[in-house]
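The next block holds one structure in the form of structure tokens; read it before the comments.
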Amino acid sequence: SRATEIQLFCLLTPKPAGPVVDLTGRGVQKLDPSFISSDDTHTLILDRNNIMKLDNLERSPSLQQLSVANNRLVRMMGVSQLMQLRVLNLPNNSIGYIEGLRDLPHLKWLNLSGNNIKVRRREGFLQTRRTSHPEQKWKTI
């Protein structure tokens, strides 16, 4: 199956090379524990797959941009370990709660549109900041 091919890809190519690794629409269900991007990879695109959890991202600490649009994500945990992340694109998933963003000091752009975000009322949990991106004037972290 296509998902098996992707898992084999991750096993056989433990360091996908290049500044942009694009695995869009390849039936990926999860990143293999051995997955690690090369040191020059700054963008990982996992759009239009079947990913439910963001596991094993800690092996790619130099990522600056991550896109996991149109998947089956229910949680955001996993992004908190990407300390260099500047762009996080997670639209059209099943994410219910915003989590893991406090640890991302460089985050400039966030897209969570098309999710079922529930607001938790905890002091200091949610903040709204103006962004410079023309399509999204406000982001919530």
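Carbon and sulfur: what percent of region 22-108's accessible surface (1.4 Å probe)? Before the final figure, lay out each step's value.
Details: 1780 of 3920 Å².
That share works out to 45 percent.
Accessible area per residue for region 28-68, computed on protein heavy atoms with a 1.4 Å probe, is 45 Å².
The values are calculated or read from the model by the stated rules, or taken from the named source; none is laboratory data. Since this is a predicted model, take the numbers as computed values, not measurements. For the accessible areas, the whole protein counts, side chains as well, though only heavy atoms, and no ligand, DNA or RNA atoms are used. Shrake-Rupley method; radii C 1.70, N 1.55, O 1.52, S 1.80 Å.
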